[in-house]
1. Can you pull out the residues in the stretch 70-119 that are in a strand (DSSP E or B) and in contact with a Leu (Cβ under 8 Å, 6 or more places away or on another chain)?
2. Scan the stretch 180-199 and give yes if some residue there is out of contact with any Asp or Glu (no Cβ under 8 Å at 6 or more places or on another chain) and at positive phi, otherwise no.
3. Return the residues of the stretch 160-178 that are of a type in the set (S, T, N, Q) and within 8 Å of the ligand (Cβ to nearest atom); say none if nothing qualifies.
4. Please specify each residue of the stretch 66-79 satisfying the condition of being touching a strand residue (DSSP E or B) at 6+ places or on another chain (Cβ under 6 Å) and either under 14 Å from Met163 (Cβ atoms) or surrounded by fewer than 23 Cβ atoms within 10 Å (Cβ to Cβ) (or both).
5. From (1) at pLDDT below 95; (2) of a type in the set (A, V, I, L, M, F, W, C); (3) under 18 Å from the mean Cα position of the chain (by Cα), pick out the condition that doesn't hold for Val312.
6. May I ask you to say which residue of Thr212, Thr227 is under 21 Å from Ile156 (Cβ atoms), in contact with a Cys (Cβ under 7 Å, 6 or more places away or on another chain) and not small (Gly, Ala, Ser)?
7. Which of the residues that make up the stretch 36-75 are within 15 Å of the ligand (Cβ to nearest atom) and among the charged types (D, E, K, R)?
Amino acid sequence: MNSLLKSLAPLALLATAAGAQAADFPIKDKPIALVVPFAAGGPTDRVARDLAEAMRKALGGATSVVVENAAGGPGGLIGANKVAKATPDGHTLLVHHIAMGVFPSLVRNLPFKVETDFEYLGMINDVPMTLIGKPTLPADNYKELMTWVQANKGKINLANAGMASASHLCGMLWQSAVGIDMTTVPYKGTAPAMTDLIGGQVDLMCDQTTNTTSQIEGKKVKAYGVTTAKRLSTPALKDVPTLQESGMKGFEVTIFHGLYAPKGTPPDAQKKLNDALKTALKDPEFIKKQEGLGAVVVTDKRMEMGEHKKFVAAEIAKWGPVIKAAGVYAD
Ligand code: ASP
C-alpha cells in the first residue's frame, strides 16, 4: 500500500462504519417515538397517532412507531426541546405545528434554534381552525355571539394551550380583530381545554378542526365560525360559516404540522424517514381520517425536506413583525 492509500485507510474505515450505521436504520427492536408537545387526545396528538400508524406501514413494519406526549412550556417548548436534545439516531422525532414559526419571535431565551437544531423531515398537513363556545353560551350564531361579547366585556374567558400555541395565536388575532380584551386560560393542550369548555368552566376557544369536528357534530360545543376563506367540505363543518362571511374581513388562520428530527440525524435515516412520510401522506386510510377531521394532507413540494425548511423560515419571517407589534412575549 503506498503512503497515500495508507493515509486514506482510516477514512475508508470511517466511511464503512458510517455506511453500516446508516444501513442499520431503523435500529432493530427500537421503536420510533413521535414526540407530541401537547396533551394526549388533542389535535397535535391526533395527527401524530394517525401518522404513527401510516409511517409504521410505510416502513414495512420494520419497527413500531409510538406517540409520546411531552406537554408543557410555551408553544409546546418542553417536547420540542426534548427532541432538539435527543440522540440523533432517527428514533426520536417531533410532530409540531405553527409554533415552530413563532418560537423565535415569541419566546425569549429559547433553549434551541428552530432553524439549525432540527432536521426538517417534511410537512404533514394544513388544518383550519374553528371558533367554538361552551354549550350553555346564550348565542347560536356569530351575530348573537358578538351581542353577548359586548354585554359581557371583562368577564369572558378564552381557553388555549398556552402562550405561542395555535389556539393562543388564533385567539389573539380574533380578540384584536374584535377589539375586546378577554382573559386567556392556558392548558397543557387543547384536549384538557376542550373538557373544560364542554363543562362550561371556560367560555370560548379557537382550535384546530382535528379536535373540534366531532364535538361540533355531537353538539357538545357551539360552532361560531371557521377560519378559512371558504367554507369547509367536511360534512360536519360544511354549514359552519367562515368568520369572513360574518364580517371579520381578511381573518384567515391555518395551522401546519411538520415532522422534525434532532440535528445530526444521519442523512440515510433522514431519507428513509422522508420516504416513509411521503408514502404515509399518500395512504388512503390516513387521508380519509385526516379529511374527516377537516385537515388537508400535504401533496405539494413541502413534502420535501428542503421545502419544509424554507416554508418554516418564511413563517418565522411572517410572524416576527406581527408578534413584535402585538408586544407579547413568553419566557
Ligand atoms: N391545539 C393546541 C394548540 O392550540 C395544541 C394541541 O393540544 O395539540 O396549539
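The values are calculated or read from the model by the stated rules, or taken from the named source; none is laboratory data. Small disclaimer: the values here were computed from a predicted structure and weren't measured. FYI the Cβ positions are ideal-geometry reconstructions off the backbone, even for glycines, and counts take in every protein chain you see.
1. Within the stretch 70-119, the subset in a strand (DSSP E or B) is 92-96, 107, 118-119.
Across the stretch 70-119, the qualifying residues are Leu93, Leu94, Val95, Val107, Phe118.
2. The answer is no; no qualifying residue exists.
3. Restricting attention to the stretch 160-178, the residues satisfying the condition of being of a type in the set (S, T, N, Q) are 160, 165, 167, 175-176.
Asn160, Ser165, Ser167, listed by residue number.
4. Scanning the stretch 66-79 gives Val66, Val67, Glu68, Asn69, Ala70, Pro74.
5. (1)
6. Thr227
7. Across the stretch 36-75, the qualifying residues are Asp45, Arg46, Arg49, Asp50, Glu68.
Each row is one residue, and each column tells you yes or no for (1) farther than 14 Å from Leu51 by Cβ; (2) surrounded by fewer than 24 Cβ atoms within 10 Å (Cβ to Cβ); (3) touching a residue at least 24 places away in the same chain (Cβ under 8 Å); (4) within 16 Å of the ligand (Cβ to nearest atom).
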| residue | (1), (2), (3), (4) |
| --- | --- |
| Thr209 | yes, no, yes, yes |
| Thr212 | yes, no, yes, yes |
| Pro235 | yes, yes, no, no |
| Met248 | yes, yes, yes, no |
| Phe251 | yes, yes, yes, no |
| His257 | no, no, yes, yes |
| Lys263 | yes, yes, yes, no |
| Lys272 | yes, yes, yes, no |
| Lys282 | no, yes, no, no |
